[in-house]
Every structure is written in structure tokens, then in C-alpha cells.
Amino acid sequence: MTDRLQVGDLVRQKSNDSMWIVTKTELSVTSPQGYCVTLQQSTWMKCGRAGSRIDYPAYYRLVCRPESDNGDI
């Protein structure tokens, strides 16, 4: 992965094609990428419920990123 995942990104899990939304990023010395992401399953949006997880970003592929206020993608 060349781009760092950001809050709001829609990602696809590489192992089973399920869709997730990045809700938080944190530095992590155990992650090969140097950070971990907190994700919420895109079809189960109740925070803190069974549809959330903390994982390494290498297991996910960016699907789309919401546009910022200044038009950057």
C-alpha cells in the first residue's frame, strides 16, 4: 500500500471482500506500516458493537476517499 489510510476512507478487506470505514488511525510499533486503523463495518454502523475492529492497514485496499473541503482527493 502506498497511501496511508485516513479517517473516512472506505476500504475493502483483502481476505473476504467485506467493506469497512476507517474511523481512527493510531501509531503502532507492532504494525509493519507504523500505524493501525480502527474500522467500522460499512453495513453495521453502531459504534463499539460487533461490527468494529482494530487492524493493520495492509489487510485492506482503499476503495474511495471522501473529498476534502478544498477539492483534494
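The values are calculated or read from the model by the stated rules, or taken from the named source; none is laboratory data. In this text, all values refer to a predicted model and were calculated from it rather than measured experimentally. Cβ sites come from the backbone with ideal geometry, for glycine too, and all protein chains shown count toward neighbours.
Among ARG53, ARG49, which is the only one that is modelled with pLDDT under 95, assigned to a loop (DSSP other than H, G, I, E, B) and among the basic types (Lys, Arg)?
The conditions single out ARG49.
In the list PRO66, PRO32, which residue meets the criterion of being in contact with a Gly (Cβ under 6 Å, 6 or more places away or on another chain), of a type outside the set (Gly, Ala, Ser) and either modelled with pLDDT under 95 or part of a strand (DSSP E or B) (or both)?
PRO66
Okay, residues lined up against (1) outside any loop (DSSP other than H, G, I, E, B); (2) among the small types (Gly, Ala, Ser):
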position	(1), (2)
GLY8	no, yes
ARG12	yes, no
ASN16	no, no
VAL22	yes, no
THR25	yes, no
CYS36	yes, no
LEU39	yes, no
THR43	no, no
